[in-house]
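This report refers to the structure that appears directly beneath it.
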Amino acid sequence: MGPGGAAAPVWRRAPRFAPCLLLRAPRGSSAQYRPCGGGEEWKKSPGPDRERSATKAAAAAAAFSETGENMIGQNETCNAEQIPMSYLTCTLYILEGWTGVEHLEEYLSYVVYLTWLFTPLLIAFLLPAIILVLLYISIVILHIYKRRTDLKEAYLNDFWDGARQMVATLWYVHARIWNGYEVCGLEKIPDGPALVVFYHGATPIDFFYFMAVVLIKKKRILHIVADHFVFSLPGFKLLLDVFSVLHGTQEECGKALTKGHLLAIAPGGVREALFSNENYILIWGNRKGFAQVAIDAKVPIIPMFTQNVRESIRSLGGLRLFRLMYEYLRLPVVPLYGNFPVKLRTYVGDPIPYKTNVTVDELADKVRLFYFNITECSIPIIYSKVANFLGGEGAFLPSHVYQWPILHYYD
């Protein structure tokens, strides 16, 4: 029962024309509509309580305040004879009715408190990040400015030389800052033609770095063989043309080597990129075309390997589903993750010279052995398990090799 023996009050929603309205009227009486924002008189629907007095309205307001439901945010009040009501209070009670959650105001207050508490911490962590980004941009600009003389000379020689130098500088700066990139044995790259063979990580990020170093320090363009799907990527045509990326036929490779260029190839290709793992297992199968190209062009082979390339970016190629999808679709649909700032160091092996009496199998085996001997740490393996992982008959493991190298973090 309400004050004066009146019926218990009930809440009703206002019509659409009244913004944020709560209703309170005795049972059995006409509905009382009141706007929260004030400036408008009570609008009463027909009923037996049409002549309700302002005194009873004030008493109803007092009874309402005694229920303990304190109003918050009372920045807007009704006129002299209206119940104080804010838009926020109206919204809270409407939400409580819709959701059935009691004391919603307390939950919201707790959220506001947590936001107030952690906002300074978030700002404290975000501000240094903004400064760090600005520092990286400044470093890149300074490195490019430092090399302005080389860039001017490059533009005088060839139209695209300056563009290559700019792109190479950008990649080199990123490599040094993000991965502390280094090359050991760069002096082993000859001035003449040679075939560079490298292990394919989840992405060829290490080769991008290496190509930038060769272009900057050796002033040579490192041609590379890419998978066919790369040529179908939108917008890549200009990039592939400027940096001399080839489809990889033996005729194209032989022509590039006979012209005196450096040529790079990853025999494992996309399959090795996606389905090798942190043990750096070679997935070459019976691919020996690179050895045939080197023999035909009579050029040395230079093996190359980047430490920790598998720790930088990883793939989920261990799941059989992705392996089947690649075998049927021939698209690299395996998810990648990482790009962690780990230390990357590229090792350039001793050139394997061309010999007139060497066979394709012997030359390919010599290149493979470079990767078996790249580290001093190794573990015994069982050939059948490795062969099964590499694809059965196409798997390779020389009969005289009983150890498999595993690369570890080291400086």
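Derivation of every value follows stated rules applied to the coordinates shown; laboratory data play no part. All values derive from a computational prediction rather than experimental measurement. A quick note on method: Cβ atoms are made from the backbone with ideal geometry, for glycine too, and the neighbour counts reach across all protein chains shown.
The table that follows gives values for the structure above.
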read-out: For the range 224-236, 3J(HN,Hα) per residue [Karplus equation, 6.51 cos²θ - 1.76 cosθ + 1.60, θ = phi - 60°, Hz, x = Gly/Pro]; value: 9, 8, 10, 5, 5, 5, 4, 6, 9, 6, x, x, 8
read-out: Protection proxy ranking of 182-193, 110-121, 165-176, 203-214 - average other beta-carbon atoms within 10 Å, highest first; value: 203-214, 165-176, 182-193, 110-121
read-out: Under 5 Å, built H, 5+ apart or other chain: amide partners of residue 344; value: 181, 182
read-out: Size of the range 148-373 as Cα extents on the principal axes (Å, biggest first); value: 53, 45, 33
read-out: Alpha carbon centroid spacing (whole Å) that separates the range 239-259 from the range 161-182; value: 23
read-out: Mean Cβ count within 10 Å, highest first, over the residues of peptides 364-370, 334-340, 241-247; value: 364-370, 241-247, 334-340
read-out: Label point distance in nm, residue 228-residue 333, each placed 7 Å from Cα along Cα→Cβ; value: 1.8
read-out: Spacing of the two label points (7 Å from each Cα toward its C-beta) at residue 362 and residue 240, in nm; value: 3.7
read-out: Packing-based order for 316-323, 286-293, 352-359, 252-259, using average beta carbon neighbours within 10 Å, highest first; value: 286-293, 252-259, 316-323, 352-359
